[in-house]
1. Out of 311, 292, which single residue is in a loop (DSSP other than H, G, I, E, B) and either assigned by TED's automatic domain parsing to the domain that holds residue 154 or in contact with a helix residue (DSSP H, G or I) (Cβ under 8 Å, 6 or more places away or on another chain) (or both)?
2. Could you tell me whether segment 184-191 includes any residue that is without any contact (Cβ under 8 Å) to a residue 24 or more places away in the chain, crowded, with 19+ Cβ neighbours inside 10 Å and out of contact with any helix residue (DSSP H, G or I) (no Cβ under 8 Å at 6 or more places or on another chain)?
3. For segment 23-34, what are the residues that are surrounded by 10 or more Cβ atoms within 10 Å (Cβ to Cβ) and out of contact with any strand residue (DSSP E or B) (no Cβ under 7 Å at 6 or more places or on another chain)?
4. Hey, does segment 166-185 have a residue that's in the same structural domain as residue 29 (by TED's automatic domain parsing) and on the phi > 0 side of the Ramachandran plot?
5. Only one of (1) at pLDDT 90 or above; (2) under 30 Å from residue 100 (Cα atoms) is not met by residue 281, so which one is it?
6. For segment 252-276, enumerate the residues that are surrounded by 10 or more Cβ atoms within 10 Å (Cβ to Cβ), touching a residue at least 60 places away in the same chain (Cβ under 8 Å) and part of a loop (DSSP other than H, G, I, E, B).
7. Looking at 191, 203, can you tell me which residue is part of a loop (DSSP other than H, G, I, E, B), under 33 Å from the mean Cα position of the chain (by Cα) and in the same structural domain as residue 162 (by TED's automatic domain parsing)?
8. When you look at residue 247, is it loosely packed, with under 10 Cβ neighbours inside 10 Å, part of a loop (DSSP other than H, G, I, E, B) and at pLDDT below 90, yes or no?
């Protein structure tokens, strides 16, 4: 995972970034203006204008975006490559989404070595990278991305390997620190605000999709379905005979009149209740988002009882055998 480090950031409100190997390779608090030290992409797709300013309600400076619904990219080249061969690598940055995040991301990308003469101003979405890491939220998507783009030693092609079941993005407008710890034994940890949220292994098929190590077997591409293949797993029994007393109009099931309500059944308790620990988000707007309702959870009282709510006699088969 060697190469110079370059960064891509999208829709970031305020940022502090650092890379550590055995010693810190880069620490950027953005106390000073980024002009002359970082390179802004000049590609047409990145129309967003970065600002060096204070975030709302704070006196410390940061790297801020100036408008919503814009793409932003800013790059920093390292003096030396970063590689896991030299030990544990830590990627960490702090983001404050001070106006919330409706649909967008705040990623960093660690870029592979570029051809001689490549200009950082030419950075775009097609620029090859090794790692993509950071929060992403839009619609039902809410996750801290971690993607490893790895060269397949057999095909020579680079493939994106996505972390399965990544942690979610905090739902507020506060500052949060995102950390990725990459170890030489192929372990990777994702932390949010210093708390471990995900631990995975690069070589585990349970942790990355697609797996870095392919399955030992694959479907035979030359295999063909036999002409006499029958897709049906089961068929009607050709030897079965309808009983003489079979009633075509009778239902398959009837109410079990012999059943009785279990002792301790809680008739007045619902199966689900409002989550008492849920709180209305600070940025929730009733006019735009509608009336806020707490999410439901299983009623804990029902876990100890045989059941809750209106009891109804169960059904049973009308005829046995």
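The values are calculated or read from the model by the stated rules, or taken from the named source; none is laboratory data. Owing to the predicted nature of the structure, the values given are computational and were not obtained by experimental measurement. Positions of Cβ are generated from backbone atoms using ideal geometry, with glycine treated the same way; all protein chains shown enter the neighbour counts.
1. Details: 311 fails: either assigned by TED's automatic domain parsing to the domain that holds residue 154 or in contact with a helix residue (DSSP H, G or I) (Cβ under 8 Å, 6 or more places away or on another chain) (or both).
Sole residue among the options that is in a loop (DSSP other than H, G, I, E, B) and either assigned by TED's automatic domain parsing to the domain that holds residue 154 or in contact with a helix residue (DSSP H, G or I) (Cβ under 8 Å, 6 or more places away or on another chain) (or both): 292.
2. yes
3. Selection gives 32 alone.
4. Looking only at segment 166-185, we keep the residues that are in the same structural domain as residue 29 (by TED's automatic domain parsing), and these are 166-185.
Next, from what is left, pick out any that are on the phi > 0 side of the Ramachandran plot: none.
Within segment 166-185 (the criterion being in the same structural domain as residue 29 (by TED's automatic domain parsing) and on the phi > 0 side of the Ramachandran plot), the answer is no, since none of the residues qualifies.
5. Going through the list (1) at pLDDT 90 or above; (2) under 30 Å from residue 100 (Cα atoms), residue 281 breaks only (1).
6. 256
7. On the way: 191 fails: part of a loop (DSSP other than H, G, I, E, B).
Answer to the selection: 203.
8. Spelling it out, residue 247 is indeed loosely packed, with under 10 Cβ neighbours inside 10 Å, part of a loop (DSSP other than H, G, I, E, B) and at pLDDT below 90.
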